[in-house]
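First up is the structure itself, then whatever we jot down about it.
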Amino acid sequence: MIIKPFGEKGITMLQGNIKDAPVTDYICALLEKDSSKISGGDFLERVQKISIQNGKMIAVPYNARLWDLISKITNEYSKNKSVLEVWAVLMKEGDYHTFHSHQEPGLVYDKSEFEGVSGGLYLKIPEKKPPQGNINYVSDDKVFSWSPKDGDYFVWPSYIIHGVYPFKGPGSRIMVSWNSI
């Protein structure tokens, strides 16, 4: 469903839920492997260094079921987009994502010209009292905060700044992110 979390004149986002996402086992198996070395090139190395605190981030190799699912979700929001990169994030107690955007620095700053979209699919989320583990989006000096549940997904313009609060206690937070143009 298309939502306008920042008001009627603000940006739109896509929010939905896919119960029992068909790729959950595949992503969990990737994250359980020894992925201490980031694979995924320059983009993921920069993101890992500047945005994720502790946690594990890995590039997700091409998988037809996953790419098809991501394309289907993305095209609900914006038609004719191609998936550029996909990565998975594993966070445990105390891990967090600092505020960041998925727009490459120096590329395009005029929002009206930028057509990139990004997304996140939450595969496994420990039940915690909000705002622990919340994803927070910032636009026009307003904050939209969400407590994701298993299967939730969001798609948004890549320039939107967002971050994730840490959580306390046992459990893992596993999600897949992507960029499309």
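We did not get these values from a lab; they are worked out from the coordinates using the rules stated. A quick note: this is a predicted structure, and the numbers were derived from the prediction, not measured. Because the Cβ atoms are built from the backbone with ideal geometry, glycine has one as well, and the counts that use them run over all protein chains shown.
Put simply, the amide H of Gly116, placed in the peptide plane, has neighbours under 5 Å in Ser158, leaving out anything fewer than 5 places away on its chain. Once the C-beta distance of Lys79 and Ile3 is scaled by a Förster radius of 22 Å, the resulting FRET efficiency is 0.75 to the nearest 0.05.
Mind checking the full-extension length gain between Asn63 and Lys19? Use 0.36 nm per residue of separation minus the Cα-Cα distance, one decimal, nm.
Working: separation 44, 0.36 × 44 = 15.84 nm, distance 1.94 nm.
That works out to 13.9 nm of additional length.
What is the mean projected area of the alpha carbon convex hull for segment 123-181, to one decimal in square nanometres? One quarter of the hull surface, i.e. the mean projection, equals 4.3 nm².
With the cut-off at 21 Å, tell me which of the pairs Lys19/Lys168; Lys19/Lys72; Lys92/Lys129; Lys81/Lys149; Lys19/Lys81; Lys79/Lys124 have Cα atoms farther apart than that. The partial results should precede the final answer.
Details: Lys19/Lys168 25 Å; Lys19/Lys72 15 Å; Lys92/Lys129 15 Å; Lys81/Lys149 26 Å; Lys19/Lys81 24 Å; Lys79/Lys124 28 Å.
Too far apart for the 21 Å limit: Lys19/Lys168; Lys81/Lys149; Lys19/Lys81; Lys79/Lys124.
Between Glu93 and Thr12, the contour length at 0.36 nm per residue exceeds the alpha carbon distance by 26.1 nm.
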